[in-house]
Amino acid sequence: MVLPPNMNVLYKLTRRAYELLVTGANFVQSPLLLALRVYFFWQLFLAGKGKLYNIGKVSEWFTSLGIPLPTLNAYFIGSLECFGSLLLIIGLASRPLSLLIVISMTVAYLAADFEAITSIFSDPDKFVKADPFPFLFTALIILVFGPGLLSIDALMKQILRRREKTKLGV
């Protein structure tokens, strides 16, 4: 298809602007993922640390919610939130830990904020304002997109790739 000269220039300008936008967005992707990991998982670390310091109260609360093996689960969730968050902040084992946090936050919604789930479409503010939401959402982002280039996972991937190339003699 041949475009008139004016349209051809407009097309090239639009295409170039879009390519610049994509390049710029790709450039800030890893810093954004790092910022999300540091901001939200530091908060989850503090929550997990609080759970571990007050394991008796957390165990009682889990019992009141009907969570099986409340003390064991309190230690597991507190440890996951505390130590898993620290690993996520540095970007180590990001996807498996993100999956565990997604599961944990889903259980938190089901056990403690069920009303927020049932009103997700009728009153979405309840769902978004519930305590598990920012951690669930951030964990989903890291699970789907990975931790970005500014992470231990990316560094390890690069090291392993170099070793493979060395073994293959490339």
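The values are calculated or read from the model by the stated rules, or taken from the named source; none is laboratory data. Treat the numbers as computed from the prediction; the structure is a model and nothing was measured. Virtual Cβ from ideal backbone geometry, glycine too; neighbours counted across all protein chains shown. These area figures cover heavy atoms from the full protein model, side chains too; ligands, DNA and RNA do not enter into them. Shrake-Rupley method; radii C 1.70, N 1.55, O 1.52, S 1.80 Å.
Among the residues that make up the stretch 37-60, is at least one of them of a type in the set (Gly, Ala, Ser), modelled with pLDDT of 95 or more, touching a Pro at 6+ places or on another chain (Cβ under 9 Å) and surrounded by 12 or more Cβ atoms within 10 Å (Cβ to Cβ)? For the stretch 37-60, residues of a type in the set (Gly, Ala, Ser), modelled with pLDDT of 95 or more, touching a Pro at 6+ places or on another chain (Cβ under 9 Å) and surrounded by 12 or more Cβ atoms within 10 Å (Cβ to Cβ): present.
It is to be established whether one or more residues within the stretch 107-118 are open to solvent by less than 70 Å² (accessible area, probe 1.4 Å), at pLDDT below 95 and in a loop (DSSP other than H, G, I, E, B). For the stretch 107-118, residues open to solvent by less than 70 Å² (accessible area, probe 1.4 Å), at pLDDT below 95 and in a loop (DSSP other than H, G, I, E, B): present. Any residue at all in the stretch 49-60 that's among the hydrophobic types (A, V, I, L, M, F, W, C), out of contact with any Gly (no Cβ under 8 Å at 6 or more places or on another chain) and in a helix (DSSP H, G or I)? Looking for residues that are among the hydrophobic types (A, V, I, L, M, F, W, C), out of contact with any Gly (no Cβ under 8 Å at 6 or more places or on another chain) and in a helix (DSSP H, G or I), one finds none in the stretch 49-60, hence no. With respect to the stated conditions, residue 128 is without any contact (Cβ under 8 Å) to a residue 12 or more places away in the chain and either within 27 Å of residue 61 (Cβ to Cβ) or crowded, with 16+ Cβ neighbours inside 10 Å (or both). Remark: residue 99 falls outside the filter, which requires a residue to be within 13 Å of residue 33 (Cβ to Cβ), surrounded by 14 or more Cβ atoms within 10 Å (Cβ to Cβ) and in contact with a Leu (Cβ under 7 Å, 6 or more places away or on another chain). Give the residues of the stretch 135-170 that are open to solvent by less than 40 Å² (accessible area, probe 1.4 Å) and in a helix (DSSP H, G or I), sorted by residue number. 135, 136, 138, 139, 141, 142, 154, listed by residue number.
Which members of the stretch 61-96 meet the condition of being of a type in the set (A, V, I, L, M, F, W, C) and open to solvent by less than 50 Å² (accessible area, probe 1.4 Å)?
First, pick out the residues of the stretch 61-96 that are of a type in the set (A, V, I, L, M, F, W, C): 61-62, 65, 67, 69, 72, 74, 76-77, 80, 82-83, 86-90, 92-93.
If the condition is that a residue be of a type in the set (A, V, I, L, M, F, W, C) and open to solvent by less than 50 Å² (accessible area, probe 1.4 Å), then 62, 67, 74, 77, 80, 82, 88, 89, 93 are the ones that fit.
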